[in-house]
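Colleague: Sharing a structure, written as structure tokens. Questions coming.
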Amino acid sequence: MAVDLNQVSNVEAQPGELPRTMAAWVIRPEREGEPLEAFQLEEIEVPEPGAFEVVVRVMAAGVNYNNVWAAQGKPVSVFPYGDHPEWGHHIGGSDASGIVWKVGPGVTRWAPGDEVVIHCNQASYEDPEVHGLDPLAAPSQLIWGYETTWGSFAQFTKVQAQQLLPRPQNLTWEEAASYGLVYFTAYRMLIDQCELKAGDTVLIWGAAGGLGVFAVQLCAAAGAECVGVVSSEEKGRLIMQLGAKAFINRNDYAGMMRRGGETPEQEKARFQESRRFAKAVKEILGEAPEIVFEHVGKATFPTSVFAAKPFGKVVICAGTTGYHLDFDVRHLWMRQKRIIGSHFANAYECMKANELIEQGKIRPVLWRTMGFEGVPEAHQLMKENKHLGKISILVGAPEQGLGKTAPGAGAIHAEVGA
Ligand SMILES: NC(=O)c1ccc[n+]([C@@H]2O[C@H](COP(=O)([O-])OP(=O)(O)OC[C@H]3O[C@@H](n4cnc5c(N)ncnc54)[C@H](OP(=O)(O)O)[C@@H]3O)[C@@H](O)[C@H]2O)c1
């Protein structure tokens, strides 16, 4: 049956009851490829919540790079992971704001009607790591809406009760849906993994992207100084507004990017460019950066290791340009630098980070809000690096600007061409 896009914001079932089917953007193994084609609208049966699970009516969903990877089936297909073999489809979406609609057995903290945002870390409560170490260390750990199906690009989503956080009431539905995955990741990278403190100096790659806009704000809130790397003047202006000390346009240092397969002469020329870049960073910050915030990977990692201060840290959560990293290890050991891997955040970190949003100390940075029909286009724009900050999708919310019930700072609305 064809899905009527005009009806996506209407749900006739009352909280506590689920309709039989829902509209969902679905990726299937046979159509992995460009986001514009991989996502297709389908009518899917609404899942029932199991023990300690909750079904949430999605009011708005946030767009993340992970579903650019899921659409492409690269670097790996999502279909062998999580609950995909059971269902055979992928409903992506790892950020949402919404309303608790039905709770499963054992859920006591949440009830139908509660307004929530959702963090994307799942793990089995039976794994000992969840209780004594960190849920991110659990063998069952998965990212909801990427390594699992039943994500937020649908009228309803199924999550573990521990994923729910109170929705900041100072935000609209679309603002509240936009920040979780990237902000909570940046929070763990800087606050917990690197113990960011006042006076620290930080170099942030992709500073006007999803992770970057929050890394910049966290530095400003902590009293640390950061320089952000961007690829246009308008992105530079945005990060200055967010509290960066300065920005560097990476197009001025195109020669420093590691491409792979270089000749020794090309390696030498690249290193000269990395040295010139590191000098510029040092001049801005007054010293080499204590912390380098990495997610670009192959292209920038050799520069990151070189540019970090002696005894400094390179914290990394992704390898967008390639995940086989090579670099001159002498720059690491001789100067006793540390590389720290980091992945999303645990529920406690998400809760603490969410409080800063409620207090208006960290603000979502929303570039564009699209209707439900916008899911494929939003991911295509992200793949082509045409966005700033974040993109939100209206699902249950019939229009933008709804849901804000408390005063306080809302999102910063980033504008292209501003
Ligand atoms: N492990 C985790 O928990 C986790 C969590 C969140 C995200 N991630 C991953 O982290 C990566 C970034 O996510 P995001 O949401 O921040 O994406 P995003 O919104 O696309 O931002 C990434 C930024 O990286 C910069 N960039 C792209 N290509 C580059 C290149 N060749 N050299 C230097 N900079 C480049 C771009 O900025 P400029 O063009 O302005 O330089 C872009 O704004 C993705 O791979 C994502 O899957 C991982």
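The values are calculated or read from the model by the stated rules, or taken from the named source; none is laboratory data. These numbers come from a predicted model, not from an experiment. Heads up, the Cβs are rebuilt from the backbone with ideal geometry, glycines too, and the neighbour counts pull from every protein chain shown.
Colleague: Yes or no: G260 within 21 Å of A318 (Cα to Cα), within 13 Å of the ligand (Cβ to nearest atom) and over 21 Å from the mean Cα position of the chain (by Cα)?
Modeller: Values: within 21 Å of A318 (Cα to Cα): yes; within 13 Å of the ligand (Cβ to nearest atom): yes; over 21 Å from the mean Cα position of the chain (by Cα): yes.
Considered against the rule, which asks whether it is within 21 Å of A318 (Cα to Cα), within 13 Å of the ligand (Cβ to nearest atom) and over 21 Å from the mean Cα position of the chain (by Cα), G260 comes out as yes.
Colleague: Further question on the same structure: Report those strands (runs of 3 or more DSSP E) wholly inside the range 266-372 carrying at least 3 residues which are touching a residue at least 60 places away in the same chain (Cβ under 8 Å).
Modeller: Details: elements: 291-294, 313-316, 338-341, 365-370.
Once the strands (runs of 3 or more DSSP E) in the range 266-372 are filtered for at least 3 residues that are touching a residue at least 60 places away in the same chain (Cβ under 8 Å), what remains is 291-294, 365-370.
Colleague: Now for a different question. Taking the range 16-30 as the search range and keeping residues that are outside any loop (DSSP other than H, G, I, E, B) and small (G, A, S), which one is nearest to P80 (Cα to Cα)? Give the derivation first.
Modeller: Initially, the range 16-30 is screened for residues outside any loop (DSSP other than H, G, I, E, B), giving 21-27, 29-30.
From what is left, the residues that are small (G, A, S) are 23-24.
Numbers: A23: 24, A24: 20 Å.
That would be A24.
Colleague: Is it the case that G33 is part of a loop (DSSP other than H, G, I, E, B), modelled with pLDDT of 95 or more and surrounded by 14 or more Cβ atoms within 10 Å (Cβ to Cβ)? Don't jump to the end; show me each part of the working.
Modeller: Values: part of a loop (DSSP other than H, G, I, E, B): yes; modelled with pLDDT of 95 or more: yes; surrounded by 14 or more Cβ atoms within 10 Å (Cβ to Cβ): no.
When the stated conditions are applied, G33 does not pass them.
Colleague: I would also like to ask the following. In this structure, does V159 turn out to be out of contact with any Cys (no Cβ under 8 Å at 6 or more places or on another chain) and within 18 Å of M59 (Cβ to Cβ)? Full working, then the answer.
Modeller: Working: out of contact with any Cys (no Cβ under 8 Å at 6 or more places or on another chain): yes; within 18 Å of M59 (Cβ to Cβ): yes.
Against the criterion (out of contact with any Cys (no Cβ under 8 Å at 6 or more places or on another chain) and within 18 Å of M59 (Cβ to Cβ)), V159 qualifies.
Colleague: Then there's this: List the helices (runs of 4 or more DSSP H) inside the range 153-231, counting only whole elements, that have at least 3 residues being within 16 Å of the ligand (Cβ to nearest atom) and at pLDDT 95 or above. Don't jump to the end; show me each part of the working.
Modeller: Details: elements: 173-176, 180-187, 210-222.
Result: 180-187, 210-222.
Colleague: Going through the range 333-376 one residue at a time, which ones are within 19 Å of R188 (Cα to Cα), within 17 Å of the chain's Cα centre (by Cα) and either among the polar types (S, T, N, Q) or at pLDDT below 95 (or both)?
Modeller: Correct list: S342, N346, N354.
Colleague: So, in the range 364-387, how many residues would count as being among the aromatic types (F, W, Y) and within 15 Å of the ligand (Cβ to nearest atom)?
Modeller: Looking only at that region, the number is 1.
Colleague: Right, next: For the range 98-145, name all the residues that are surrounded by 15 or more Cβ atoms within 10 Å (Cβ to Cβ) and among the β-branched types (V, I, T).
Modeller: I99, V100, V103, V107, V116, V117, I118, V130, I143
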